[in-house]
1. When you scan segment 405-421, how many residues do you find that are within 27 Å of Pro462 (Cα to Cα) and surrounded by 12 or more Cβ atoms within 10 Å (Cβ to Cβ)?
2. Could you list, in sequence order, all residues of segment 268-278 that are under 15 Å from Arg234 (Cβ atoms) and either modelled with pLDDT of 95 or more or in contact with a Lys or Arg (Cβ under 7 Å, 6 or more places away or on another chain) (or both)?
3. Considering only segment 417-432, I want to know if a residue exists there that is at pLDDT below 90 and under 28 Å from Val330 (Cβ atoms).
4. Quick one: is Ala367 among the aliphatic types (A, V, I, L, M) and open to solvent by 10 Å² or more (accessible area, probe 1.4 Å)?
5. Kindly indicate whether Glu241 is open to solvent by 40 Å² or more (accessible area, probe 1.4 Å) and either under 30 Å from Glu381 (Cα atoms) or in contact with a Pro (Cβ under 7 Å, 6 or more places away or on another chain) (or both).
6. Specify the residue that is farthest from Ser115 (Cα to Cα); the eligible residues are those in segment 184-230 that are open to solvent by less than 20 Å² (accessible area, probe 1.4 Å) and without any contact (Cβ under 8 Å) to a residue 40 or more places away in the chain.
7. Among helices (runs of 4 or more DSSP H) lying entirely in segment 40-117, which contain 3 or more residues that are at pLDDT 95 or above and within 18 Å of Leu263 (Cβ to Cβ)?
Amino acid sequence: MSGTFVGMPSFPEAAHAAVGNKTLRGNLRHATHTIRAKRAKAVAELSDWAQLREAGRQIKDHTLRHLDRYLMQLEEAVTAAGGTVHWAADADEANRIVTGLVKATGESEVVKVKSMATQEIGLNEALEAEGIRAYETDLAELIVQLGKDRPSHILVPAIHRNRGEIRDIFRSEMGEWGRPAPDGLTDAPAELAEAARLHLREKFLRAKVGISGANFMVAETGTLVVVESEGNGRMCLTLPETLISVVGIEKIVPTWRDLEVFLQTLPRSSTAERMNPYTSMWTGTTDAETADGPRAFHLVLLDNGRTDTLSDQVGRQALRCIRCSACLNVCPVYERAGGHAYGSVYPGPIGAILSPQLRGTESEIDASLPYASSLCGACYEVCPVAIDIPEVLVHLRERVVEGGTVTRAGNKVVLKPAKGHAAERAAMRAARWAFGHPGALRSGQRLASRSRRFLPRTLPGPGRAWSASRELPAMPAEPFRDWWQRTHGGQEAR
């Protein structure tokens with residue numbers, strides 16, 4: 001996966017800089033708390049939410065177990081409907097396919113629906129290198145693109161920007177990309193939305209090529225589904241003559257009936273709505289000149305590490321993700337550090353488990369992501385497909401510290417333990433030995449209790465980073481074993 005932001009440091013370094021930005025923290029706190037409260041209210045309306053969540057989990061797990069069969073069924077259905085399916089093993093291959101398809105049309109510009117997959121592979125940069133300009137049409141993505149910025153949230157990529165900043169970006173940058181911002185533009189939401197609408201309308205009407213992702217693909221019919229809130233997706237999917245959709249292979253569902261579950265859980269978990277304002281579905285192509293929809297449709301199925309992730313029995317549950325971003329909105333770490341600190345287009349808790357699996361844990365940033373969590377479990381509680389993110393985080397931490405066998409590009413490779421974790425490995429091995437020898441553990445506990453007056457207030461060496469922001473727990477006057485024996489000794493026998 002090529003989505004690592006160039007030059008990004010490890011998460012602790014990036015987060016340290018981010019928490020000092022008061023404007024950023026204020027923007028994130030206001031936005032996440034607002035979305036969080038609305039989501040809780042929307043979910044509470046459904047008496048069968050727990051059953052829907054479990055149904056989503058089971059549908060996703062079933063599909064992943066039989067992914068090969070459903071992908072072949074999807075290809076047959078898309079082809080029968082007039083589309084063309086392309087298979088991309090990695091980001092480079094996907095970019096070559098898409099740029100080749102655009103160049104074959106003779107066009108030099110495209111309009112895009114918001115797509116995490118195209119961000120993941122760096123498609124905009126690949127198109128630019130070939131002289132093709134890509135215009136983002138989602139409002140938040142437009143803000144990010146005009147501001148020469150990076151997305152920081154799955155659902156709201158410009159969540160780190162406030163209205164004043166957006167106004168300034170529109171004023172200074174819109175003219176370089178097309179229709180300039182109106183004179184006297186203020187930071188009123190209605191005025192900002194109207195400026196974006198006028199700026200984008202000419203692009204919608206002119207573009208001959210559209211590029212999208214998809215929220216879901218239905219294997220039995222070859223139908224693709226995009227849910228969105230602004231209508232820009234509908235414009236990109238119906239007006240251009242050629243439509244190219246880049247979709248991760250895990251986005252497939254077996255049947256139309258399966259959509260019923262996700263079209264209830266996704267909007268409530270993401271935008272806190274009962275249903276999305278726009279749910280667009282398309283199957284193949286249209287031949288009529290006056291009909292909506294493309295006359296040429298290409299589906300690029302993207303692997304880019306997903307098959308390798310599927311081979312991990314614990315980590316594969318990350319592929320259930322439907323990109324709702326609910327886990328970001330409840331995460332205390334994300335709220336304070338922001339999305340840029342994760343060094344990936346997938347920020348927050350889901351990014352902390354997905355990016356290291358798609359990209360591997362060899363780089364400094366990816367090795368640090370499994371530690372970008374307090375393991376509070378709030379992300380698991382709100383996940384609409386029940387991904388146990390804390391479980392996967394601990395699993396990946398073990399991989400970073402201990403190394404071991406993983407799958408890379410379809411081959412089994414042995415990872416070496418990451419640098420900088422020698423003390424952690426030594427501590428865990430010592431703990432394992434102590435717990436395996438009850439007598440030694442009991443003696444150590446008694447020694448610690450009797451010498452508690454001499455224990456330091458902060459930890460030495462590598463432990464200093466932990467105790468610098470936390471108070472060490474007070475050592476009790478006696479171990480629990482001794483207290484239990486003294487107060488309850490022999491009672492269980494009686």
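The values are calculated or read from the model by the stated rules, or taken from the named source; none is laboratory data. This structure is a prediction, so every number in the text was calculated from the model and none was measured. Glycine also receives a Cβ, built like all others from the backbone with ideal geometry; neighbour counts cover every protein chain displayed. Ligands, DNA and RNA are stripped out before the accessible areas are found, and what is left, the full protein with its side chains, is counted by its heavy atoms. Shrake-Rupley method; radii C 1.70, N 1.55, O 1.52, S 1.80 Å.
1. Total meeting the criteria: 5.
2. Tyr278, the sole residue that qualifies.
3. Yes - at least one qualifying residue is present in segment 417-432.
4. On the way: among the aliphatic types (A, V, I, L, M): yes; open to solvent by 10 Å² or more (accessible area, probe 1.4 Å): yes.
Yes, satisfied.
5. Details: open to solvent by 40 Å² or more (accessible area, probe 1.4 Å): yes; either under 30 Å from Glu381 (Cα atoms) or in contact with a Pro (Cβ under 7 Å, 6 or more places away or on another chain) (or both): yes.
Yes: the conditions hold for Glu241.
6. Leu185
7. Values: elements: 49-65, 67-80, 91-105.
Qualifying helices (runs of 4 or more DSSP H): 49-65.
Yes or no, residue by residue, for (1) within 21 Å of Arg150 (Cα to Cα); (2) charged (D, E, K, R); (3) open to solvent by less than 10 Å² (accessible area, probe 1.4 Å); (4) touching a Gly at 6+ places or on another chain (Cβ under 6 Å):
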| position | (1), (2), (3), (4) |
| --- | --- |
| Pro277 | no, no, no, no |
| Ala291 | no, no, no, no |
| Asp303 | no, yes, no, no |
| Arg316 | no, yes, no, no |
| Ala326 | yes, no, yes, no |
| Gly338 | yes, no, yes, no |
| Ala341 | yes, no, yes, no |
